[in-house]
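These notes are about the structure you will find just below.
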Amino acid sequence: MKNSILALSLCVALAGCVSSGVEVKPEQTSDFRAGVTTRQEVISRLGTPTTQATLPDGSTMLVYSFSAAQARPASFIPILGAFVGGADARSSMVSFQFTPAGVLKGSSSTSSQSGSQMGTTTTTTPMQTDQPRQVQ
């Protein structure tokens with residue numbers, strides 16, 4: 001019986017959270033330098049990008065996107081959860097632009113957070129965007 005309760009608790013906890021993609025934190029990119037850092041160095045440090053694109057001029061772009069959502073604990077309260085529950089979500093995207101020779105030209109990033117409550121109320125935190133910038 002004890003094992004059944006533990007297993008059920010674990011399933012409920014795992015069902016409340018989901019994420020996908022590759023999360024890139026600012027400290028992971030702090031020493032990337034335009035004109036110096038290569039495409040291969042970025043991939044070695046951050047892993048396989050979510051999206052890769054080759055542009056008409058031969059330059060390339062790597063995009064690392066991430067999203068995560070987690071149900072609020074109140075969502076799992078029988079009957080009452082339908083009225084007081086909800087979920088929180090966050091997402092981020094970092095893109096890197098490279099010259100045709102594979103040298104970093106610049107990068108940009110965005111991030112957002114939002115929350116929703118069961119029923120009709122929704123809260124949103126404004127999206128934060130770093131304008132495309134020249135990496136030093």
Restricting to region 30-50, name every residue that is surrounded by 15 or more Cβ atoms within 10 Å (Cβ to Cβ) and in a loop (DSSP other than H, G, I, E, B). F32, A34, T37, P49, T50
Give the residues of region 1-25 that are touching a strand residue (DSSP E or B) at 6+ places or on another chain (Cβ under 8 Å) and either exposed (fewer than 10 other Cβ atoms within 10 Å of the Cβ) or at pLDDT 90 or above (or both), sorted by residue number. V24
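Among the residues of region 59-74, are any on the phi > 0 side of the Ramachandran plot and either out of contact with any helix residue (DSSP H, G or I) (no Cβ under 9 Å at 6 or more places or on another chain) or at pLDDT 80 or above (or both)?
Within region 59-74, not a single residue is on the phi > 0 side of the Ramachandran plot and either out of contact with any helix residue (DSSP H, G or I) (no Cβ under 9 Å at 6 or more places or on another chain) or at pLDDT 80 or above (or both).
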Residues of region 90-111 being crowded, with 18+ Cβ neighbours inside 10 Å and in contact with a helix residue (DSSP H, G or I) (Cβ under 6 Å, 6 or more places away or on another chain), in sequence order, are F96, F98
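The values are calculated or read from the model by the stated rules, or taken from the named source; none is laboratory data. Please read these numbers as outputs of a predicted model, since none were measured by experiment. Virtual Cβ from ideal backbone geometry, glycine too; neighbours counted across all protein chains shown.
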